[in-house]
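A short write-up of the structure that comes next.
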Amino acid sequence: MPKAFRTATGTTGLGLLLLVMGAATLGPLLAPYDPQAFHPAARLQGPSAAHWLGTDQFGRDLLSRLLNGAPSTVYFGLGATLLGVGAGSMIGVIAGTAGGWLDSVIMRILDGLLAVPELLFTLLIVTFLGGGMGQAMLAVAIAFTPGMARIARSSVLSIRTREYVLAAVARGERSHYIVLREVLPNAVGPIIVEATIRVAFAIMIGATLGFLGLGAQPPSTEWGLMVAEARQFMFRNAWTVAVPGVAIAMAAMGFNLFGDALRDSLDPRRSR
């Protein structure tokens, strides 16, 4: 294991990440109850032997709903980040390798998009596309694209002047060979680190959209939607809001701390 992951930050991040990914993979199979089953006699109960995390306003088991909603919440963040990183990296690599007027045009357009905060930009896109998980994922991916393009372009610009790239140019290698064999393998490190950290932001934005009714729709068990449905009952049973809220925080913190440790392990100067 890299030294950066032996620190408190790295260990905590790795542990939270394994816990969250385990819930996202096996959660629906481990749920003790049907997450949509109503139990009117057990409404708004606290933790007990029968319901470890309590019940919501309809008597539904919160642990079962939490485990059942883990895949939609976590995979939403992973999917949106994958789409945004893929599109942004492609644009950044094209701008960084092409240079000249094409680079200037692409960067000026991205500068205009980066002037809008990501959450506001996402809300604008969702308003245009309409509500739903698919539309929300696409909106988050589009909002992530300009920032990832700038990071990819910066990595390419710092690498294209390295000796091994100049040697490939001097050998007369073709442009696509230089990009695919010399530039991209050495530029992918910062992109992976940034993508890992952005999963945390994607999960939080997805939960925010679900809370506002622009993401997941009932009867989904997505964690942000769970908070929205239970907020009017939080003073009668705080667990209905605290359980999904803490789960969202743990997922975001796990990816964030893991990304920090990964960045330290890939950058010897930071690890020292």
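The values are calculated or read from the model by the stated rules, or taken from the named source; none is laboratory data. Worth saying up front: this structure is predicted, and the values here are computed from it rather than measured. Virtual Cβ from ideal backbone geometry, glycine too; neighbours counted across all protein chains shown. For accessibility, only protein heavy atoms count, side chains too; no ligands or nucleic acids. Shrake-Rupley method; radii C 1.70, N 1.55, O 1.52, S 1.80 Å.
Local charge sum around ALA149 (other residues, Cβ-Cβ under 14 Å, Lys/Arg +1, Asp/Glu -1)? In short, 0. Taking all protein chains together and a 1.4 Å probe, the residues GLU182, GLU163, GLU118 rank GLU163, GLU118, GLU182 from largest to smallest accessible area.
Only Cα pairs under 8 Å and 6+ residues apart enter the sum, and on that basis the relative contact order of the range 142-259 stands at 24 percent.
Only one item in [x] -0.81, -0.90, -1.25; [y] -0.76, -0.88, -1.39; [z] -0.78, -0.91, -1.56 matches log10 I(q)/I(0) by the Debye sum over Cα atoms at q = 0.12, 0.13, 0.17 Å⁻¹ derived from the coordinates shown, and that item is [x].
Computed 3J(HN,Hα) for the range 61-77, one whole-Hz value per residue from the Karplus formula 6.51 cos²θ - 1.76 cosθ + 1.60 where θ = phi - 60°, is 5, 5, 5, 5, 5, 5, 5, 6, x, 4, x, 5, 6, 6, 5, 4, x, glycine and proline marked x.
For the chain, what relative contact order do you get, as a whole percent, if you take Cα pairs closer than 8 Å and at least 6 residues apart? Each step should come with its number before you reach the end.
Numbers: 432 pairs, mean separation 74.3, N = 272.
Relative contact order of the chain: 27 percent.
The solvent-accessible area of LEU120, taken with every protein chain present and a 1.4 Å probe, is close to 90 Å². Taking a ≥ b ≥ c as the square roots of the eigenvalues of the Cα gyration tensor, the range 1-53 is prolate, since a/c reaches 1.5 or more and a/b is larger than b/c. Shown for the chain: the carbon plus sulfur share of the solvent-accessible area, taken with all protein chains present and a 1.4 angstrom probe, equals 68%.
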